[in-house]
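Novice: Below you'll find the structure I mean.
The values are calculated or read from the model by the stated rules, or taken from the named source; none is laboratory data. Everything numeric here is computed off the predicted structure, so don't read it as measured data. When we count neighbours, we look across all protein chains shown, and the Cβ atoms used for this are built from the backbone with ideal geometry, even at glycine. Only protein heavy atoms, including side chains, enter the accessible area calculation; ligands, DNA and RNA are left aside. Shrake-Rupley method; radii C 1.70, N 1.55, O 1.52, S 1.80 Å.
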Amino acid sequence: MTKYWLGKAVALLAIVGLLSSTVTVESSATITQRDPSARGSETYVVFPNGRTIALKQGERITITKPCTAMYRSESGWLDVPVKPKQHIVFNKTCAYREESVAAMLLPFGTKRRTIMLNYPPASSVWHLPSGIAQLTGVLQAQGHDVTQRYGHITGLEYLLRQHGGTEIERALAAVRDPQSDIFALHDARMTFERVSSNIPTNDRFVVERNNVTYVSRYYDGTIEGALEAVKNRESHLWYRYFADVEIPLALSARPDLYGISVADERQFIQGIILASMVKDAIPGCKVVLGGNFWSRVTHAFTHPAFAKFFSFCDAIVYREGYQPLAELAAGLDPSRASGTAWWNGSDVVVNPATVTPASFETLPTPVFDASVRQWSPDTVYSLYTASNCYMACEFCAIPAGSDTYLGKPRTMSPRRIAEQMQALGGSRFEIFDEMLPIPNQLALGRELKRIGHSATWECYLTMSNKLMDPAVCSQLYDAGCRAVQVGLESLSPDTLAQENKKWNTPSNYGVILRNLRNAGIQTHAFLIVGIPGEPLHYGLAWTAFLEKYGEDILTIKSGRYRLTRNSPEERGGNRNECIEVSADTKPLHLNRDFTYRLSSRKKVEATRDLLEQACRQHWAYGVTSTIPWWVNRGRYSWDELRQMAHLLPQEPEVRHLDRAVTRANTIAKEELGFSGQLKTFDDVVAFSRTLV
């Protein structure tokens, strides 16, 4: 035993006042069978003398001598040296709480910190934030005292109550009551929409259907606009909530470190305003900004004006937060934290990302704040079980915050996912990975069955041709899959190949969707119009596609193409022959401005409006607007949702639909030589039937 460990052991014994028989110092390590390739391969443990032990699925071994663990990976076998580590083992009769013991086992010289993590408005109130829940698990495992604040839920409710009073209370009670019928839920939806849209503000704000829309008037993509928002923070829509709720709580807790997670643009202005208010209230507190937003705007760090951000924050974590937050908590010194930007007094310094990214297999179970309820009768936990995507679609930068972005994903084994589900005690889960492959889902179902825990989930999935087999869809349902979000994106094979989605086969879309529905799996489809180089009549064709196959789709997200920062397409300038990218004068926007060379923005927007009208005429539009997200819809079957859909009023028509129809004429004539006349939306659909 080294002098260090001997000294630490003696110190711990003195602190807790235990007899020597209750504490031992051991050297060991545990190796668990793990197969990231999801092939079910054994893990081999090889010792220097040649002795080899094979671990089958679900098995583990504790070793006391150095060895090598051989794991099957997607590209072959991975050799990982394993050395036993010295650690103190407490007898189970010890009466001290686990968290107290964890605090004593912090690295030598590290203090137990008081930490607050805030997920500010505005974001989806139907979901729990998986990011800060995971970070809480990591930090608590290291002995820190962590408080979470789900400001995206409590902040929105505070604001709505200020303006809606008792009718908001009734609406909130309705969406959380498992006995509410479709009429009560529709009344609640209309209440949220009416009250939110009538709140006096110069910002764009409304709680509508399945979304909380918020755009600050100061958010114009410029650094100057953001700084102006902080300067005029007292006029901000959520200022009173921060002043009345969040700041008093922070003053009471007196945290050493206050982290604010900004996932996207909706939270950005609120995030920096809250940071400035915490810094003013508790100057000695280290205020840290993080979240996926920052990974997409790292180019802004070099802008001369960006240094002013560090007048109200001490650090910005621009990659995964697991190790940077732990390093910041350990020493409260941004200069020693990986994946972090900070101010050294004269320059913005951007520390390199962590050299050894966190292993998802060893991440602690997330810790959620049970005092705040999502807008649902059930608690549906959000899990993040892989970093980075298995694919690399040209237009996508969702995983840009990963420490291994555009590299091989780091995944949690199905066994570990099942263990976390069991540890959380939940029965329904949202898995927010960029995709959860079919083999992994089937393996997850087997692991849940093995440990005797019943759970179902929603996840993202590719339009794999394996789903052409009805038996595969049934196997997914039997495993526990109840809903999938799938990217159809385009009906053009050429466009799909261009965007690196070669696995999508448009001619198979209908069969796959039908197989999923027949299996009982709810489907959400992503559709895009205006992809550079794609003729717009492919966008018009979606209207007929939805008419033909809409029975087997539950929800639809139609969108206009965006040139996303840090996407492969944006990084490589791969579409410059089709679009002209504008000068980058808005470094804090997540999408780049551009103009079409071969089409026009107005025609693309008209196509998008026509597709949106097709969505509004879809049988499930009203009922899924009233019962938002699988968090709520997962409580019902396809047939139950269909029955409720008939009870709801017709949804309003898209504004200025006549203008979109006029432009559809131009598209049809210019691209296909159409000589007829499209006068109504129904005419557009009839014409589009010839394209599918």
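Novice: Are any residues in the range 236-270 farther than 16 Å from residue 121 by Cα, part of a helix (DSSP H, G or I) and either without any contact (Cβ under 8 Å) to a residue 12 or more places away in the chain or of a type outside the set (Gly, Ala, Ser) (or both), and if so, which ones?
Specialist: If the condition is that a residue be farther than 16 Å from residue 121 by Cα, part of a helix (DSSP H, G or I) and either without any contact (Cβ under 8 Å) to a residue 12 or more places away in the chain or of a type outside the set (Gly, Ala, Ser) (or both), then 248, 249, 251, 252 are the ones that fit.
Novice: Let me ask something additional. Go through the range 393-436 and give me each residue that's among the small types (Gly, Ala, Ser) and over 17 Å from the mean Cα position of the chain (by Cα). Explain how you work it out, then say what you get.
Specialist: Here is the first cut: in the range 393-436, the residues among the small types (Gly, Ala, Ser) are 397, 400-402, 407, 413, 418, 423, 425-427.
407, 413, 418, 423, 425, 426, 427 - these are the residues of the range 393-436 that are among the small types (Gly, Ala, Ser) and over 17 Å from the mean Cα position of the chain (by Cα).
Novice: Pull out all pairs, ordered by first then second residue, where Cβ-Cβ is under 6 Å, the residues are six or more apart or on different chains, the first lies in the range 409-426 and is assigned to a helix (DSSP H, G or I), and the second is polar (S, T, N, Q).
Specialist: From the range 409-426, the pairs are 414/440; 417/385; 420/365; 423/365.
Novice: Across the range 155-167, which residue is farthest from residue 319 (Cα to Cα) among those that are in contact with a helix residue (DSSP H, G or I) (Cβ under 7 Å, 6 or more places away or on another chain) and open to solvent by 20 Å² or more (accessible area, probe 1.4 Å)? I'd like the intermediate steps shown before the answer.
Specialist: Step one: of the range 155-167, the residues in contact with a helix residue (DSSP H, G or I) (Cβ under 7 Å, 6 or more places away or on another chain) are 155, 157-161, 163-164, 167.
From the residues that got through so far, the ones that are open to solvent by 20 Å² or more (accessible area, probe 1.4 Å) too are 158, 161, 163, 167.
Details: 158: 31, 161: 36, 163: 38, 167: 42 Å.
Once the filter is applied, the top-ranked residue is 167.
Novice: For residue 263, which of the numbered conditions (1) buried (at least 19 other Cβ atoms within 10 Å of the Cβ); (2) more than 22 Å from residue 147 (Cα to Cα); (3) not β-branched (Val, Ile, Thr) fails to hold?
Specialist: It is condition (2) that residue 263 fails.
Novice: Among the residues that make up the range 282-289, is at least one of them in contact (Cβ under 8 Å) with a residue 60 or more places away in the chain, open to solvent by 10 Å² or more (accessible area, probe 1.4 Å) and either under 27 Å from residue 398 (Cβ atoms) or in contact with a strand residue (DSSP E or B) (Cβ under 9 Å, 6 or more places away or on another chain) (or both)?
Specialist: First, the residues of the range 282-289 that are in contact (Cβ under 8 Å) with a residue 60 or more places away in the chain: none.
The answer is no, given that none of the residues of the range 282-289 is in contact (Cβ under 8 Å) with a residue 60 or more places away in the chain, open to solvent by 10 Å² or more (accessible area, probe 1.4 Å) and either under 27 Å from residue 398 (Cβ atoms) or in contact with a strand residue (DSSP E or B) (Cβ under 9 Å, 6 or more places away or on another chain) (or both).
Novice: Another question, if that's okay. Could you tell me which numbered condition residue 157 fails, if it satisfies all but one of (1) under 15 Å from residue 371 (Cα atoms); (2) in contact (Cβ under 8 Å) with a residue 40 or more places away in the chain?
Specialist: Single failed check for residue 157: (2).
Novice: How about the range 21-45: which of its residues are open to solvent by 40 Å² or more (accessible area, probe 1.4 Å), at pLDDT 75 or above and not basic (Lys, Arg)?
Specialist: 27, 30, 44
Novice: Mind checking which residues of the range 334-352 are under 16 Å from residue 290 (Cα atoms) and either open to solvent by less than 30 Å² (accessible area, probe 1.4 Å) or of a type in the set (D, E, K, R) (or both)?
Specialist: Within the range 334-352, 334, 337, 338, 339, 340, 341, 351 meet the criteria.
Novice: Then there is this: Does residue 457 satisfy the criteria of being crowded, with 19+ Cβ neighbours inside 10 Å, outside any helix (DSSP H, G or I) and touching a strand residue (DSSP E or B) at 6+ places or on another chain (Cβ under 6 Å)? It would help to see each step written out before you state the result.
Specialist: Numbers: crowded, with 19+ Cβ neighbours inside 10 Å: yes; outside any helix (DSSP H, G or I): yes; touching a strand residue (DSSP E or B) at 6+ places or on another chain (Cβ under 6 Å): yes.
Taking the combined requirement at face value, the residue satisfies it.
Novice: Right, next: Residues that are modelled with pLDDT under 95, over 23 Å from residue 137 (Cα atoms) and in contact with an Asp or Glu (Cβ under 8 Å, 6 or more places away or on another chain): does the range 434-449 have at least one?
Specialist: Within the range 434-449, not a single residue is modelled with pLDDT under 95, over 23 Å from residue 137 (Cα atoms) and in contact with an Asp or Glu (Cβ under 8 Å, 6 or more places away or on another chain).
Novice: Which one of these is farther than 30 Å from residue 682 by Cβ, of a type in the set (Gly, Ala, Ser) and at pLDDT 95 or above: 583, 606, 614? I'd like the intermediate steps shown before the answer.
Specialist: Details: 606 fails: farther than 30 Å from residue 682 by Cβ; 614 fails: farther than 30 Å from residue 682 by Cβ.
None of the others qualify; the one that does is 583.
Novice: Next question. Hey, among the residues in the range 616-640 that are assigned to a helix (DSSP H, G or I) and of a type in the set (S, T, N, Q), which one's farthest from the chain's Cα centre (by Cα)? Step through it out loud before you land on a result.
Specialist: Initial filter on the range 616-640 (assigned to a helix (DSSP H, G or I)): 616, 621-626, 629-633, 638-640.
Among the residues that remain, those that are also of a type in the set (S, T, N, Q) are: 624-626, 632.
Details: 624: 21, 625: 21, 626: 23, 632: 18 Å.
It comes out as 626.
Novice: Being open to solvent by 30 Å² or more (accessible area, probe 1.4 Å) and not in a strand (DSSP E or B) is the filter; apply it to the range 203-216 and report the residue that is nearest to residue 192 (Cα to Cα).
Specialist: 209
Novice: Return yes when residue 194 is surrounded by fewer than 21 Cβ atoms within 10 Å (Cβ to Cβ), more than 13 Å from residue 261 (Cβ to Cβ) and either out of contact with any strand residue (DSSP E or B) (no Cβ under 9 Å at 6 or more places or on another chain) or touching a residue at least 12 places away in the same chain (Cβ under 8 Å) (or both) and no when it is not. Spell out the reasoning first.
Specialist: Working: surrounded by fewer than 21 Cβ atoms within 10 Å (Cβ to Cβ): yes; more than 13 Å from residue 261 (Cβ to Cβ): yes; either out of contact with any strand residue (DSSP E or B) (no Cβ under 9 Å at 6 or more places or on another chain) or touching a residue at least 12 places away in the same chain (Cβ under 8 Å) (or both): yes.
Taking the combined requirement at face value, the residue satisfies it.
Novice: Something else now. Test residue 219 against the stated conditions and say whether it is open to solvent by 20 Å² or more (accessible area, probe 1.4 Å), within 30 Å of residue 310 (Cα to Cα) and not acidic (Asp, Glu). Working first, answer last.
Specialist: Values: open to solvent by 20 Å² or more (accessible area, probe 1.4 Å): yes; within 30 Å of residue 310 (Cα to Cα): yes; not acidic (Asp, Glu): yes.
Yes; evaluated as a whole, the condition is true for this residue.
Novice: Another one. Any residue in the range 351-376 that is charged (D, E, K, R) sitting within a Cβ distance under 7 Å of a residue that is modelled with pLDDT of 95 or more? List the pairs, counting only those 6 or more apart or interchain.
Specialist: What qualifies is 361/412; 361/413; 361/416; 369/148; 369/150; 373/176.
Novice: Does residue 557 qualify as being surrounded by fewer than 22 Cβ atoms within 10 Å (Cβ to Cβ) and not in a strand (DSSP E or B)?
Specialist: On the way: surrounded by fewer than 22 Cβ atoms within 10 Å (Cβ to Cβ): yes; not in a strand (DSSP E or B): no.
When the stated conditions are applied, residue 557 does not pass them.
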